[in-house]
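Beneath this line is the structure, given in structure tokens, with notes to follow.
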Amino acid sequence: MLQRSRAAEPAMIEESRENEDARHCASLNAYGSYLYGQGRWEEARAVFVKASEFLPDDDLTRKNLAVASSACGLNDEAARIFADLTARFPGDASLHNSYGLVLHNAGRLGQAGIEFARATELAPTEYIYWHHKGANALAQNRTSSAIAALARAIALPGATPVCYYNLAMALRVTGETERATMFLQKAIALQPDNPKLLVRSARIMNGWGRRAMAIECLQVFARSGGRSNDVELLLSELLAAG
């Protein structure tokens, strides 16, 4: 008659418990990510805290917790987590970028710039890292560095309207309003259904003495069938000022 090996049973039980914890952790991370995507940051953070109770050393859970904590204004907590993660995984560009965002939001601009620079070194073809580097340099009044980084961002695939907008803001500082206007127009063209971006850009153009250009951009929106009270009010205001 065959007898079971009792020596193997505790290991089997432990392995089963570990698998169960991993499943719970993965499920909670998925739910927390959903909540975060809905803008329910405090709820998301609570879920990630719960996930960390199952696997305290899980790197994905810790990163998710750090991101959610930062969104909730707990930047010191988020920075501690990212400092540890970037030290353990120095070659991960996304971690350096996320750490940079936390530091930037906490007002630690110089340290944030170091992290963004590291991200661009590790992944030089990712436009978002160059954009963050440029926006950070602009916030530090390092205009030349900002222009260089933002110009690199818009030269890469996937660059979004905010990249062009921030490049325009950097060029404005140097007095290059003609080039800045061109990039504002490009930002609008990339997102023509965004009235907030349009109104903000048109007001800036008008402030630069380019009222006719601002009016044209607003009229293009109206002719395309777009509807926005803010656009209509600004257009009426600019036409009346003529």
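The values are calculated or read from the model by the stated rules, or taken from the named source; none is laboratory data. Every value quoted in this text rests on a predicted model; they were computed, and no experiment measured them. As a convention, Cβ positions derive from the backbone with ideal geometry for all residues, glycine included, and neighbour counts pool all protein chains shown.
Before moving on, here are some points about what is shown:
- Failed item, numbered, when Ser70 is tested on (1) under 30 Å from Thr177 (Cβ atoms); (2) crowded, with 20+ Cβ neighbours inside 10 Å; (3) hydroxyl-bearing (Ser, Thr, Tyr): (1)
- Any hit, segment 109-122, residues being more than 30 Å from Arg23 (Cα to Cα), hydroxyl-bearing (Ser, Thr, Tyr) and in a helix (DSSP H, G or I): yes
- Filter result for the condition that a residue is free of Cβ contacts under 8 Å to residues at least 60 places away in the same chain, small (Gly, Ala, Ser) and buried (at least 17 other Cβ atoms within 10 Å of the Cβ), over Ala117, Ala139: Ala117
- Every residue from segment 69-108 that is closer than 22 Å to Arg40 by Cα, part of a helix (DSSP H, G or I) and not aliphatic (A, V, I, L, M): Ser69, Ser70, Asn75, Asp76, Glu77, Phe82, Ser98, Tyr99, His104, Asn105
- Lone qualifier among Ala180, Ala212 - being at pLDDT below 95 and of a type in the set (A, V, I, L, M): Ala212
- Failed condition for Tyr129, given (1) part of a helix (DSSP H, G or I); (2) modelled with pLDDT of 95 or more; (3) more than 16 Å from the chain's Cα centre (by Cα): (3)
- Count of segment 186-199 residues which are surrounded by fewer than 19 Cβ atoms within 10 Å (Cβ to Cβ) and either without any contact (Cβ under 8 Å) to a residue 12 or more places away in the chain or out of contact with any Phe, Trp or Tyr (no Cβ under 8 Å at 6 or more places or on another chain) (or both): 5
- In segment 159-168 there is at least one residue that is in a helix (DSSP H, G or I), more than 24 Å from Val102 (Cα to Cα) and of a type outside the set (Ser, Thr, Tyr).
- Any chance Val47 is closer than 26 Å to Glu115 by Cβ, at pLDDT 90 or above and surrounded by 13 or more Cβ atoms within 10 Å (Cβ to Cβ): no
- In segment 169-184, residue surrounded by the most Cβ atoms within 10 Å (Cβ to Cβ) [restricted to those that are touching a Ser or Thr at 6+ places or on another chain (Cβ under 8 Å) and in contact (Cβ under 8 Å) with a residue 24 or more places away in the chain]: Ala170
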